[in-house]
1. Packing-wise, with mean Cβ within 10 Å as the measure, how do 83-95, 4-16 rank, highest first?
2. With +1 on the Cβ of every Lys and Arg and -1 on the Cβ of every Asp and Glu, and nothing else charged, how large is the dipole of the chain about its Cα centre, in debye rounded to the nearest 20?
3. Suppose all protein chains stay in the model; what accessible area per residue would a 1.4 Å probe give for the chain, in Å²?
4. Could you tell me the relative contact order of region 82-166? Use alpha-carbon pairs under 8 Å, at least six residues apart, and round to a whole percent.
5. Residue separation times 0.36 nm, minus the C-alpha to C-alpha distance between residue 67 and residue 34: what's the value?
6. How large is the helix-only mean residue ellipticity at 222 nm for the chain, computed as the sum of -39500 (n - 2.57) over DSSP H runs with n ≥ 4, divided by its residue count, in deg cm²/dmol to the nearest 500?
7. Determine the relative contact order of the chain: mean sequence separation of Cα pairs under 8 Å and six or more apart, normalised by residue count, in whole percent.
8. Under a crude label model (7 Å from the Cα following the beta-carbon direction), how far is residue 81 from residue 106 in nanometres?
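The values are calculated or read from the model by the stated rules, or taken from the named source; none is laboratory data. Just so it is clear, the structure is predicted and the values come from calculations on it, not from any experiment. Here the Cβ is made from the backbone with ideal geometry for all residues, glycine too, and neighbour counts use every protein chain on show. Just the protein is used for accessible areas: all its heavy atoms, side chains included, with ligands, DNA and RNA removed. Shrake-Rupley method; radii C 1.70, N 1.55, O 1.52, S 1.80 Å.
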Amino acid sequence: MADIPSIWREELWHSFLVHLPIVTLLLASIAALLKPFFSNDSQRLFLGQTTFVMLFIGVLSGWVAIYTGELAYDIEVRKICDPEVLQEHQWWGYASLITYSVALALIIGFRFIPTKFLSLAKTFSIIILAAGLFGLCYTGHLGASLVYQQGAGTYQPSPDCSEFVK
């Protein structure tokens, strides 16, 4: 009878942790993209604060996800059929998180930007967040391809599932 591998394998840490930055960065982008369509100051303030908080949490947890993704890469690159998809997933993950990190730095820097450039900086930050959202979605698409098409990080039970019978 085969043993079922532990759910706490190193290559699975990435899949456990990656969902927090995905959702927070997604929410940060959506809040930033919606903000220009509201004229009410309290709603705009709420969306601005939501963007900042979600972006802050997303960028910090995103770098943790990058680290755990590197751990998984070293294990999974030898097991999957098409490692180029894994390399592309890795590249897009880095590009997306760097984009979001720049957006966070820009938003933090708003208080130091001269007033005459502030409108341009805010417009630029929305463009960066939209680009980050595109990269985030494509990175997720590639990650799903790795798991659901190539079985990255997944356990393949025996045909009769005998390892699950006690």
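1. 83-95, 4-16
2. For this selection, approximately 1000 debye.
3. 62
4. In percent, rounded to a whole number, it is 42.
5. Separation in residues times 0.36 nm, less the Cα-Cα distance, equals 8.8 nm.
6. Only helices count here, giving -25500 deg cm²/dmol.
7. This gives 30 percent for the chain.
8. The modelled label-to-label distance comes out at 4.0 nm.
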